[in-house]
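Structure first, then comments.
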Number of protein chains: 4
Amino acid sequence: MSENTFGKLFACTSFGESHGSAIGCVVDGCPPNLELSEADLERDLARRRPGRSRYTSQRRETDQPRILSGVFEGRTTGTPIAILIENVDQRSRDYEKVRSHLRPGHADYVYLHKYGHRDHRGGGRASARETAVRVAAGAIARKYLSECCGGIRISAWLSQLGSTQLGCPQPLAVDDNPFFCADPERVPELEEQLQSLIKAGDSVGAEVTVVARAVPPGLGAPLYGRLDAELAAALMSINAAKAVAIGDGFEVVAQRGSQHRDEMTPEGFCSNHAGGIVGGISTGQDIVARVAFKPTSSIRLPGRGIDVDGNAVEVVTTGRHDPCVGLRAVPVAEAMLAHLLMDHWLRHRAQNAEVSSSTPQLPAGESSR
Amino acid sequence: MSENTFGKLFACTSFGESHGSAIGCVVDGCPPNLELSEADLERDLARRRPGRSRYTSQRRETDQPRILSGVFEGRTTGTPIAILIENVDQRSRDYEKVRSHLRPGHADYVYLHKYGHRDHRGGGRASARETAVRVAAGAIARKYLSECCGGIRISAWLSQLGSTQLGCPQPLAVDDNPFFCADPERVPELEEQLQSLIKAGDSVGAEVTVVARAVPPGLGAPLYGRLDAELAAALMSINAAKAVAIGDGFEVVAQRGSQHRDEMTPEGFCSNHAGGIVGGISTGQDIVARVAFKPTSSIRLPGRGIDVDGNAVEVVTTGRHDPCVGLRAVPVAEAMLAHLLMDHWLRHRAQNAEVSSSTPQLPAGESSR
Amino acid sequence: MSENTFGKLFACTSFGESHGSAIGCVVDGCPPNLELSEADLERDLARRRPGRSRYTSQRRETDQPRILSGVFEGRTTGTPIAILIENVDQRSRDYEKVRSHLRPGHADYVYLHKYGHRDHRGGGRASARETAVRVAAGAIARKYLSECCGGIRISAWLSQLGSTQLGCPQPLAVDDNPFFCADPERVPELEEQLQSLIKAGDSVGAEVTVVARAVPPGLGAPLYGRLDAELAAALMSINAAKAVAIGDGFEVVAQRGSQHRDEMTPEGFCSNHAGGIVGGISTGQDIVARVAFKPTSSIRLPGRGIDVDGNAVEVVTTGRHDPCVGLRAVPVAEAMLAHLLMDHWLRHRAQNAEVSSSTPQLPAGESSR
Amino acid sequence: MSENTFGKLFACTSFGESHGSAIGCVVDGCPPNLELSEADLERDLARRRPGRSRYTSQRRETDQPRILSGVFEGRTTGTPIAILIENVDQRSRDYEKVRSHLRPGHADYVYLHKYGHRDHRGGGRASARETAVRVAAGAIARKYLSECCGGIRISAWLSQLGSTQLGCPQPLAVDDNPFFCADPERVPELEEQLQSLIKAGDSVGAEVTVVARAVPPGLGAPLYGRLDAELAAALMSINAAKAVAIGDGFEVVAQRGSQHRDEMTPEGFCSNHAGGIVGGISTGQDIVARVAFKPTSSIRLPGRGIDVDGNAVEVVTTGRHDPCVGLRAVPVAEAMLAHLLMDHWLRHRAQNAEVSSSTPQLPAGESSR
């Protein structure tokens, strides 16, 4: 019942603190004979790495993953794949002065009440640093989905920064800028916005959109193992996430049934308001979800907090922090969706290997967003 | 790994189809010595029951729960509590004509691709009828939270119907009208809106807000067992849910860190933008979440679908359906939150029974919504 | 993490007490499209039923299973199969006089310390009555193994009663006598032995051997998901079990490696000391296990116990009890092995659907026992 | 559902191969504030280490554990504890010549059929090397049981080597000889026996007895979460185990009920035939179990095997192997029992924290063995 394991048949058990010696995970349930090497993990890790631009934390981590087990002669063996990433640039002394402070908007206060103490160095387990192992595990899933599941593809982009909404006119441009922005023309605007934030010592929220393409119909389950319920958990488990929407999300509240239902013709679906999931099960259309990330509370502007004895203190964060934590969540959101789909792929074939429907599989049609 | 079980230590395994002989569940992990009888389940079941007003399905179910085990001499024994609710008013023949139709916006198409066949009678397992067992199991949790966990209280209300936003000026009025509306003055407006929808043969979406009060700080876990992640899954697992927000939800995207972080003083929290959960763990403030429910696709207006052979068909739903499925989701949302909190209460004390923090627990302060 | 669920992908959640209104289970994870009706469960239930002969409890139960869900038009749907068996002949008043007694060798004392109270009527949850639901769930597994897994077959027999050891010269004779004895010539001897026990008011232990045939190589896992470890748990979870042996069992202690290792030639295995499992994974040979069942403590001979206040009491059991509980464990052992193998079949194909070894599968060869 | 995780609330996820770069585990669910350092793991690891005497494998491993996470300022934090043990002395080339051989009595054949390939170097995941991580995780449990659970103590010893049965007259002598023999006078006899086996190039089986003392009544559960069922799985999951007995084990078959039931008087239990577990729940008496370990198949005497193409080959093992793998299983059996009891301690208090029975807890009385 581990509180640190994600996935049922393809399961990742994560460990490690921001300022401990290493972080890592054990990935269990990966089918054998998948070609895999450390290089396969490095691409996605590089995208998430801090210090990539002036707009993310200046902590310098190499994030070099080491595969300790489960791969032999270049292929997975079917046994657990342990991945280790050493922490290189901890600088724990940055935190010495906040040892007794409980910072507003941080997990300090709740950790103290949960565990009776806390690791004051950079948030310990609550740090976004843990997301590196999600990205590493997700890279395995992404490879499996691509090679063994008929080419399922996952991508994500920044769809809103503060109040600036962003479309996705050039999907391939996402990796060309430090904002994971799919609209290159808007990049200067984002630069300006973040530059001004950094100057003000403040931070801002972000929305990320994540999509899976070429997913077959039939993944998921009707009740508590619903694909949408588990996707909501997967995305909400990312640090700083506060809301998740699938398909039209909160807009469905104001819709009529005649408008929302995605009609079907022999030529395919006519719309995708559902975001590719109906009744907890994939429809074969694009799976589309959005996540809202709050602005980080680690800012230079002083805020009111208390200390461990309950006294008032003024808190100022001077460490190396991201002005917008949502930016680096883009590859993390991709990793979580990849992980989830691979898990459901295995779960589906466990129970339904004999199934084949004689009903034709419809073309996916157009996404409505 | 059951796909039909919710909860880890307090676990509910659900069974039954809309038009089978019965629905029910097995609730495992309830501590012994809780006073419990069928009457304790009936109050919440009555609130969810169809046919309560002209604005919900006219199916007539008594929803009389029968406790088959786990209660002896009026108290729980610590062994599994099986709950059975017989289906009384199935009228399966209503569905005979749609036997081969795959209705737009329904789970017909995905069930066919998942299982190779489907139960065409009223959606089978995909029917909202299953939520009755969630409410029954949730009633046990609600009683335990109230009596054994220091008085944790759960309530929910309709916070938006179509584009009509609704506040919560009179929490106690929620059960006085069929809309679970906490603003009695707006009830006539809602009646009119639904009356016109019924006339048009269409349906509309809804937003439900659910709140837990008097939750102690410390429930939850930092990573995949996060309280917010599991709350997102719990709420998204309700039929027709498409989005979940915790605290300020999607509004955090446009917020600044200096604005979002909930400051603390020795007198308490100064705001509750976080919705009572930080770092995946409860803060002791009110837990506040919202869920968006899509408009049901079971409407009288004809829509384009296909049949099992892939041919175009026109689909019209003539059965007894709710013009707004979100209404009856109000007690279901409460049940899911109650269930989740009881589960986390047990999980917390398993690992942390020895913990006591010397830091004072802060007053909850005001909710920001 | 339910304490009342057996199996991971094919999972049975059991409920019900000996003297409550009903017992039953929810079977989750059964693949869709298996032909199934109540009649399929009845054959095995009849074999386990009390009152079959003068050598088992005279309680009269019809053990009529009712399938409440998960089967539609004669086939499984892939959703949970709920099975209900009403208790007919409880006679709880038999137990009124032992209400405050803690009987030696019974679970009374431990339940009191675990739960703070207990159901004194016939052992409540500790009663062997619960095994009826294992047999019902196991019957589904047996059918699936036979029809969808290449004809895997399970059988068990009484291999020792008291100090009388019994072989298996006529496997088909097992169901012809109330002892599940595969050596019909020895039946009169067993009758005499039990008759004399009944007269003496005492009970005796038994050993059951259970075998699975036509199991393919490759089911199981190397570590904690080992087929032998889970088989040990499955069999030890049957009431009154005190020991489990796989293959040569405790005899391996005195064996040499040169004697124990099952040699292989291109014609097949040369022996089966391992009992069909090596390294936690099936070899393709017969899986052979034995279980020891203790003599029931429900006997007419007075024994020393205490009451709930800690005072000495003399305990005499006058209810309707089996002089040898091990006898009726024969179909239960079969059910547990069937359940386990079906679970591992699904688990194997989840992870290894792509696997096919070019190495030939060896003939099973002879069992060494 | 990880196949490589042991325990439910106190869970150990294991990774690593015999000849990979490292082995290790992630221990999740350990309560916070337990004093812990690497030194706490080293004592038990030293007892299990190969190369301790001429009677165990001559592989030279330092087995130096490195705690990577979950411990801060000398105390557990409540977050996952990752333990890493680098492999130092692999000598994989020893295995080059058996690359295509499937050795009798080894997991080669079954791995090939399960995974489509195998790691031929020293058994890969099937190697007893993995048990080092069980011992490391078990050492945490042992410390917790001793310090936070009222002084629960675990010990084990060699109770049979080949056909030589061994008592336990001097429990403290167990660690004074390489055989974990509690009867020092018999040590020369064992030396002679093993010396002669080494000379003959053969191996022999062993039986290990493991005991837990000062366990309170009430740990366990009535059905599938039974303490005895999970203990059977825990011990049977150790490499080479073929049988498990609790209390009187297989001897119960020949016992009468009047003889087996452990009578109770106000002064305590009169015997312990049950081995400290009744109805799946601890009685407060010593928990006593025995495990049979087969003789290793890695011997110098040639045996018949096949190669990956199905051709006959003669197999001779020349690597560094234990003539009796059961010897080093002694600390492993202790670790598994410690792990299991800690897990059940946490599970018990999750569900039963409010329970307190007014019935006095009986003195444990004498063990019957």
*Identify, by number, the condition in (1) crowded, with 24+ Cβ neighbours inside 10 Å; (2) touching a residue at least 40 places away in the same chain (Cβ under 8 Å); (3) among the β-branched types (Val, Ile, Thr) that residue B:56 doesn't meet.*
(1)
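Output yes when any residue across segment C:152-166 is part of a loop (DSSP other than H, G, I, E, B) and closer than 30 Å to residue A:351 by Cβ, and no when none is.
Step one: of segment C:152-166, the residues part of a loop (DSSP other than H, G, I, E, B) are C:152, C:162-163, C:166.
Add one more test, that the residue is closer than 30 Å to residue A:351 by Cβ, and what stays is C:152.
Yes, the conditions are met somewhere in segment C:152-166.
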*Name every residue in segment C:35-75 that is in contact with a Gly (Cβ under 7 Å, 6 or more places away or on another chain) and within 20 Å of residue B:116 (Cβ to Cβ), in order of residue number.*
C:35, C:37, C:69
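Looking only at segment D:284-308, count every residue that is over 23 Å from the mean Cα position of the chain (by Cα) and in contact (Cβ under 8 Å) with a residue 24 or more places away in the chain and tell me the total. Break it down into steps so the answer makes sense when it comes.
Quick first cut of segment D:284-308, residues over 23 Å from the mean Cα position of the chain (by Cα) only: D:300-308.
Those left that are additionally in contact (Cβ under 8 Å) with a residue 24 or more places away in the chain: D:300-301, D:303-308.
Selection size over segment D:284-308: 8.
Which members of segment D:194-238 meet the condition of being part of a loop (DSSP other than H, G, I, E, B), under 26 Å from residue D:325 (Cβ atoms) and more than 8 Å from chain C (Cβ to nearest Cβ)?
Of all residues in segment D:194-238, those part of a loop (DSSP other than H, G, I, E, B) come to D:201-203, D:205, D:214-219, D:221-226, D:237-238.
Within this subset, residues satisfying the condition of being under 26 Å from residue D:325 (Cβ atoms) are D:201-203, D:205, D:237-238.
Those that are part of a loop (DSSP other than H, G, I, E, B), under 26 Å from residue D:325 (Cβ atoms) and more than 8 Å from chain C (Cβ to nearest Cβ): D:201, D:238.
Can we say residue B:92 is surrounded by fewer than 21 Cβ atoms within 10 Å (Cβ to Cβ) and modelled with pLDDT under 95? Write out each step before concluding.
Details: surrounded by fewer than 21 Cβ atoms within 10 Å (Cβ to Cβ): yes; modelled with pLDDT under 95: yes.
Criteria met by residue B:92.
Which residues, counting only those in segment D:284-314, are part of a strand (DSSP E or B) and touching a Ser or Thr at 6+ places or on another chain (Cβ under 9 Å)? Even if it seems obvious, please write down each step before you answer.
First, the residues of segment D:284-314 that are part of a strand (DSSP E or B): D:287-293, D:303-307, D:312-314.
Residues satisfying the conditions are D:288, D:289, D:290, D:291, D:303, D:304, D:305, D:306, D:307, D:312, D:313.
Using the structure shown, decide if residue A:269 is among the aromatic types (Phe, Trp, Tyr), over 20 Å from the mean Cα position of the chain (by Cα) and at pLDDT 95 or above. Walk me through how you get there before you give the answer.
On the way: among the aromatic types (Phe, Trp, Tyr): yes; over 20 Å from the mean Cα position of the chain (by Cα): yes; at pLDDT 95 or above: yes.
It is true that residue A:269 is among the aromatic types (Phe, Trp, Tyr), over 20 Å from the mean Cα position of the chain (by Cα) and at pLDDT 95 or above.
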_Under 8 Å between Cβ atoms, which residue pairs at least 6 apart in sequence (or on different chains) link something in segment B:74-99 that is more than 10 Å from chain C (Cβ to nearest Cβ) with a partner that is surrounded by fewer than 17 Cβ atoms within 10 Å (Cβ to Cβ) and modelled with pLDDT of 75 or more?_
B:74/B:35; B:74/B:37; B:85/B:64; B:85/B:66; B:88/B:60; B:88/B:62; B:89/B:60; B:94/B:318
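Scan segment A:240-283 residue by residue and report those that are assigned to a helix (DSSP H, G or I), free of Cβ contacts under 8 Å to residues at least 40 places away in the same chain and facing chain B (nearest Cβ under 7 Å). Can you show your working first?
In the first step, residues of segment A:240-283 are kept if they are assigned to a helix (DSSP H, G or I); the result is A:249-254, A:257-260.
Narrowing further to those that are free of Cβ contacts under 8 Å to residues at least 40 places away in the same chain: A:250-254, A:257-260.
Matches in segment A:240-283: A:250, A:252, A:253, A:254, A:257, A:258, A:260.
Out of D:71, D:26, report the one residue that is hydrophobic (A, V, I, L, M, F, W, C) and under 20 Å from the mean Cα position of the chain (by Cα). Talk me through it step by step, then tell me what you get.
Values: D:71 fails: under 20 Å from the mean Cα position of the chain (by Cα).
Exactly one of D:71, D:26 is hydrophobic (A, V, I, L, M, F, W, C) and under 20 Å from the mean Cα position of the chain (by Cα), namely D:26.
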*asked:* Against the conditions (1) within 12 Å of another protein chain (Cβ to nearest Cβ); (2) more than 17 Å from the chain's Cα centre (by Cα), where does residue A:325 fall short? Just the number, please.
replied: (2)
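Residue-wise test of (1) at the interface with chain C (Cβ under 9 Å from one of its Cβ atoms); (2) at negative phi; (3) hydrophobic (A, V, I, L, M, F, W, C); (4) out of contact with any Pro (no Cβ under 7 Å at 6 or more places or on another chain).
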| position | (1), (2), (3), (4) |
| --- | --- |
| B:21 | yes, yes, no, yes |
| B:38 | no, yes, no, no |
| B:41 | no, yes, yes, no |
| B:44 | no, yes, no, no |
| B:47 | no, yes, no, no |
| B:54 | no, yes, no, yes |
| B:59 | no, yes, no, no |
| B:70 | yes, no, no, no |
*When residues of segment C:176-193 are filtered for being under 18 Å from residue C:322 (Cβ atoms), touching a residue at least 24 places away in the same chain (Cβ under 8 Å) and of a type outside the set (A, V, I, L, M), how many remain?*
6
_Number of the exception - residue B:298 against (1) more than 7 Å from every other protein chain (Cβ to nearest Cβ); (2) at pLDDT 95 or above; (3) out of contact with any Pro (no Cβ under 9 Å at 6 or more places or on another chain)_ = (2)
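Where residues in segment B:144-174 are among the aliphatic types (A, V, I, L, M) and out of contact with any Leu (no Cβ under 7 Å at 6 or more places or on another chain), which of them is farthest from residue B:325 (Cα to Cα)? Can you show your working first?
Applying the first criterion (among the aliphatic types (A, V, I, L, M)) to segment B:144-174 yields B:145, B:152, B:154, B:156, B:158, B:161, B:166, B:172-174.
Next, only the ones that are out of contact with any Leu (no Cβ under 7 Å at 6 or more places or on another chain) stay: B:156, B:172-174.
Values: B:156: 15, B:172: 22, B:173: 20, B:174: 17 Å.
Only one residue tops the list, namely B:172.
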_Matching entry among D:153, D:129 (being crowded, with 24+ Cβ neighbours inside 10 Å and either at pLDDT below 95 or not hydroxyl-bearing (Ser, Thr, Tyr) (or both))_ = D:129
*Is there a residue in segment B:102-114 that is surrounded by fewer than 24 Cβ atoms within 10 Å (Cβ to Cβ), away from chain A (no Cβ under 13 Å) and modelled with pLDDT under 95?*
no
_Residue in segment C:1-14 that is nearest to the other protein chains (Cβ to nearest Cβ), counting only those that are within 18 Å of the chain's Cα centre (by Cα) and without any contact (Cβ under 8 Å) to a residue 12 or more places away in the chain_ = C:3
*Taking residue D:303 and the conditions (1) crowded, with 24+ Cβ neighbours inside 10 Å; (2) touching a strand residue (DSSP E or B) at 6+ places or on another chain (Cβ under 7 Å), which numbered condition does it fall short on, given that it satisfies the others?*
(1)
*Would you be able to say whether some residue in segment A:190-197 is modelled with pLDDT of 95 or more, in contact with a helix residue (DSSP H, G or I) (Cβ under 8 Å, 6 or more places away or on another chain), crowded, with 19+ Cβ neighbours inside 10 Å and not basic (Lys, Arg)?*
no
_Quick check on segment B:18-73: of everything there that is out of contact with any Leu (no Cβ under 6 Å at 6 or more places or on another chain) and in a strand (DSSP E or B), which residue is nearest to residue B:324 (Cα to Cα)?_
B:23
_Sole exception among (1) crowded, with 21+ Cβ neighbours inside 10 Å; (2) touching a Pro at 6+ places or on another chain (Cβ under 9 Å); (3) closer than 25 Å to residue C:237 by Cα for residue C:118, by number_ = (2)
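Just to check your reading of the model, which residue among B:123, B:105, B:151, B:116 is touching a strand residue (DSSP E or B) at 6+ places or on another chain (Cβ under 8 Å) and on the phi > 0 side of the Ramachandran plot? Write out each step before concluding.
Values: B:123 fails: touching a strand residue (DSSP E or B) at 6+ places or on another chain (Cβ under 8 Å); B:151 fails: touching a strand residue (DSSP E or B) at 6+ places or on another chain (Cβ under 8 Å); B:116 fails: touching a strand residue (DSSP E or B) at 6+ places or on another chain (Cβ under 8 Å).
From the options B:123, B:105, B:151, B:116, the qualifying one is B:105.
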*Under the condition of being part of a loop (DSSP other than H, G, I, E, B) and at the interface with another protein chain (Cβ under 7 Å from one of its Cβ atoms), which residue from segment C:346-360 is nearest to the chain's Cα centre (by Cα)?*
C:353
*residue A:81 fails exactly one of the following numbered conditions: (1) closer than 26 Å to residue D:33 by Cβ; (2) more than 20 Å from the chain's Cα centre (by Cα); (3) among the aliphatic types (A, V, I, L, M). What is the number of that condition?*
(1)
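The values are calculated or read from the model by the stated rules, or taken from the named source; none is laboratory data. Bear in mind that the values here come from a model prediction, so they are computed numbers and not experimental data. Using ideal geometry, Cβ is built from the backbone for each residue, glycine included, and neighbour counts are taken over all protein chains shown.
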